[in-house]
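K.L.:
Attaching a single structure in structure tokens format; questions to follow.
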Amino acid sequence: MDGPSNDSYLLTAVLDGDWKVLLKNNFFNARVSEQTLAEGRTYKFKYQSMETELIETTVTLPEKEKEIFSFHNGNPDRPKINSEFCIAWTIPSSLK
């Protein structure tokens, strides 16, 4: 898959029981390129590969700060994670 993609096999959105969008994903080359939370905060993802192996992911936070995650042999290094970034992986209390 090359180029922009939002096909039926990719998780493009997470909805609550009232069909309200909690999270929206955009994809490029079948990887999340942008993730927007319900309150409008957007996270951008950029990937660096060597041949077929993912070696680094850069996440740009809504405040434009960047977090870099490195990988070796398919396993993530354990980076120092900014606590603000963790909101991208949990549902904010305001949406529960």
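K.L.:
Go through Ser93, Ser83, Ser49 for me and flag whichever is at pLDDT 85 or above and over 14 Å from the mean Cα position of the chain (by Cα). Quick ask: steps written out before the conclusion?
P.N.:
Values: Ser93 fails: at pLDDT 85 or above; Ser83 fails: at pLDDT 85 or above.
Every option except Ser49 fails the conditions.
K.L.:
Examine the stretch 8-15 for a residue that is modelled with pLDDT under 95, in contact with a His (Cβ under 9 Å, 6 or more places away or on another chain) and not in a loop (DSSP other than H, G, I, E, B), and state whether such a residue exists.
P.N.:
Taking every residue of the stretch 8-15 in turn, none turns out to be modelled with pLDDT under 95, in contact with a His (Cβ under 9 Å, 6 or more places away or on another chain) and not in a loop (DSSP other than H, G, I, E, B).
The values are calculated or read from the model by the stated rules, or taken from the named source; none is laboratory data. Here the structure is a predicted model, which is why all the values come from computation and not from measurement. In this analysis, Cβ positions are derived from the backbone assuming ideal geometry, glycine residues included, and neighbour counts consider all displayed protein chains.
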